[in-house]
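S.K.: Attaching a single structure in structure tokens format; questions to follow.
The values are calculated or read from the model by the stated rules, or taken from the named source; none is laboratory data. Computed from a prediction, not measured in an experiment: that's the story for all the values here. For neighbour counting, all protein chains shown are included, and Cβ atoms are generated from backbone atoms with ideal geometry for every residue, glycine included.
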Amino acid sequence: MKVECEVRLCKIENERGFQQDGVRVTCSRCGHTTQSFGTSEKSIKRCIMLLKEECPQAESNYYEPDT
């Protein structure tokens, strides 16, 4: 199933307690969120892959970033 996901740039706290640029991606169906450091296309793709792997409803969705 094709599912839109919301992409938001944000600050994420790293393991040393410092704020770092990052991205959060949220599934529009269930609200599950993943995050990655960095704001590049690769960081967004990583979050989308994590959504596929971590889906709390065990669905096999195709996630598309909202525009």
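S.K.: For region 1-28, give me each residue that is surrounded by 15 or more Cβ atoms within 10 Å (Cβ to Cβ), more than 14 Å from residue 46 (Cβ to Cβ) and without any contact (Cβ under 8 Å) to a residue 40 or more places away in the chain.
M.R.: Matches in region 1-28: 26, 27.
S.K.: Just give me the residues in region 17-29 being modelled with pLDDT under 95 and among the charged types (D, E, K, R), in sequence order.
M.R.: 29
S.K.: I would also like to ask the following. If you check 2, 11, which single one turns out to be over 11 Å from the mean Cα position of the chain (by Cα), at pLDDT 95 or above and not β-branched (Val, Ile, Thr)? Steps first, please.
M.R.: Numbers: 2 fails: at pLDDT 95 or above.
Selected residue: 11, the only one of 2, 11 that is over 11 Å from the mean Cα position of the chain (by Cα), at pLDDT 95 or above and not β-branched (Val, Ile, Thr).
S.K.: Residues being of a type in the set (A, V, I, L, M), under 12 Å from residue 5 (Cβ atoms) and in a loop (DSSP other than H, G, I, E, B): count how many of those fall in region 19-67. Quick ask: steps written out before the conclusion?
M.R.: Of the residues in region 19-67, the ones of a type in the set (A, V, I, L, M) are 23, 25, 44, 48-51, 58.
Add one more test, that the residue is under 12 Å from residue 5 (Cβ atoms), and what stays is 23, 25, 44, 48-51.
Filter once more, so that each one left must be in a loop (DSSP other than H, G, I, E, B): none.
Residues flagged as of a type in the set (A, V, I, L, M), under 12 Å from residue 5 (Cβ atoms) and in a loop (DSSP other than H, G, I, E, B) within region 19-67 amount to 0.
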